[in-house]
1. Is there a residue being farther than 22 Å from residue 239 by Cα, in a loop (DSSP other than H, G, I, E, B) and open to solvent by 40 Å² or more (accessible area, probe 1.4 Å) anywhere in region 343-359?
2. What are the residues in region 174-190 that are at pLDDT 70 or above and in a loop (DSSP other than H, G, I, E, B), if any?
3. Just for region 55-114: of the residues that are small (Gly, Ala, Ser) and modelled with pLDDT of 90 or more, which one is nearest to the chain's Cα centre (by Cα)?
4. For region 83-106, state whether one or more residues are more than 30 Å from residue 378 (Cβ to Cβ) and free of Cβ contacts under 8 Å to residues at least 12 places away in the same chain.
5. Residues of region 128-146 being surrounded by fewer than 20 Cβ atoms within 10 Å (Cβ to Cβ) and in contact (Cβ under 8 Å) with a residue 24 or more places away in the chain, which ones?
6. Test of understanding: among 269, 231, 216, 248, which residue is among the small types (Gly, Ala, Ser), open to solvent by less than 10 Å² (accessible area, probe 1.4 Å) and either modelled with pLDDT of 90 or more or away from ligand 4 (no atom under 16 Å from the Cβ) (or both)?
7. Just wondering, is there one or more residues in region 42-54 that are open to solvent by 40 Å² or more (accessible area, probe 1.4 Å), in contact with a Ser or Thr (Cβ under 8 Å, 6 or more places away or on another chain) and more than 16 Å from ligand 1 (Cβ to nearest atom)?
8. Which members of region 81-124 meet the condition of being open to solvent by 10 Å² or more (accessible area, probe 1.4 Å), outside any loop (DSSP other than H, G, I, E, B) and within 16 Å of ligand 4 (Cβ to nearest atom)?
Amino acid sequence: MAQTITCLFCFQDFPAQNLHFRCKNPNCRGNQATSGAAELDTTFAEYRKLPPSPMGHSFLSGGGGLFGRSASSAKCNLCSQESYYPLCPKCHFELPHDITQIEQHIIAIIGGRGTGKSHYIAALVNSLQREVGANFKIAVQMIGDETRKRWKDGYYTSLYEQNRELNQTDSATVAGSKVKEPMIFRLTFMEEGSKKNKRAINLVCFDTAGEDMAAGDIMDQQTLYISHAVGLVFLLDPLQMRAVRAKGGLDQWTLQKNQITSDPEEIIGRLCELFSKKKQLVKDQVPIHVAFALSKIDALYPLMEPDSALHHSGHHFGELNLGDVLTVDSELKDLLADWISPGFCTTITSRFASSRYFGVSALGATPAPDGSIKPNSLRVEDPFLWILYQLGMIKAKKR
Ligand SMILES: Nc1nc2c(ncn2[C@@H]2O[C@H](COP(=O)(O)OP(=O)(O)OP(=O)(O)O)[C@@H](O)[C@H]2O)c(=O)[nH]1
Ligand SMILES: [Mg+2]
Ligand SMILES: [Zn+2]
Ligand SMILES: [Zn+2]
């Protein structure tokens, strides 16, 4: 049977034999900028509403590989050099070079304006690369130059080298906005299988702007992203909940810095609407693993019991600590009944087939007024590990 590939940019499905490839040989006739003959990529430009520019000659692969397996490289029809750069035929997004051989699972990270998505993505990737990677024997690799550049320039350098907080994310409507380009991280599970046959998945991350989540019309790409996801990390910002702000005892600078900009119930309402439109519902429940993560929990310590599990890490050593996940889940359900509404979690349970509540802190503290912060994350990996467990990719330690 022909293999179907889903593009990670436009999310259209196509058979593997329709893959295009890009020739990056500078001596190829299609790439000769000096002669003025360099090919302009109009397909790429049209999809991104950019003026066309030369990006390298693109061509149709001309069929699958041996034994029905799809080829992950193809010979250029102009210069005969082998290209290892597969493109989506519809939008010319450069796909991971081994897209035909790797399981693709999209885990989407979403939330309203200012809920902490960008800092969460930074802290999650950093934690996957360090502690989680080591504990679970997962190797994390960045796929493509675009991901590497964005990770370094957009997250790592500011947050972890210069110790400065990240800026608000530009809306997808801003010209030249990078929001629409996914970052792709390859997770390889080192323990399973033989050397040749290790299990790997691609984690596809779009760092969307919260304001796009609230706007109806530019949801297109975001809608497709969410509806292709097998797991969602849905960030909820407790500092944007009126009942929490009214409690007293919270740090004044933190409250001033984190104003109410999005209503969690409204955004969850949109999410449910989106899935019902896609008719993905099974018995009226959305068949997807949803981790509701309360962000910025460091700021809530004055409101929490001293023996709350949220004061310490989840202790996941090579296995998901399921007991801890359930403890946090039930602690947060009680708090949310008080903070949002008594029926909030019941509604969620009735709408999503599989969901849990988590508490995360990407930074460990509120940045100072000059934006400086030495990040010290807590529990950022919990929601992600739970989703991997639900997908059967890691084991759990039961109580
Ligand atoms: N105290 C505390 N503040 C945080 C934490 N994470 C993020 N913040 C603050 O929350 C604000 C919003 O964080 P972002 O990561 O930019 O939020 P976002 O969801 O990406 O926002 P948009 O891009 O505007 O949609 C920033 O002012 C951060 O300093 C945290 O773990 N603790
Ligand atoms: Mg952001
Ligand atoms: Zn595409
Ligand atoms: Zn060529």
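The values are calculated or read from the model by the stated rules, or taken from the named source; none is laboratory data. These numbers come from a predicted model, not from an experiment. Here the Cβ positions follow ideal geometry from the backbone for every residue, glycine too, while neighbour counts run over all protein chains shown. These accessible areas exclude ligands, DNA and RNA; they are computed on the full protein's heavy atoms, side chains included. Shrake-Rupley method; radii C 1.70, N 1.55, O 1.52, S 1.80 Å.
1. no
2. Passing the criteria: 181, 182, 190.
3. 114
4. No, that holds for no residue.
5. The first filter runs over region 128-146 and keeps only residues surrounded by fewer than 20 Cβ atoms within 10 Å (Cβ to Cβ), leaving 129-131, 133-135, 137, 139-142, 144-146.
Matches in region 128-146: 131, 135, 137, 139, 140, 141, 142, 144, 146.
6. 231
7. For region 42-54, residues open to solvent by 40 Å² or more (accessible area, probe 1.4 Å), in contact with a Ser or Thr (Cβ under 8 Å, 6 or more places away or on another chain) and more than 16 Å from ligand 1 (Cβ to nearest atom): present.
8. 82, 94
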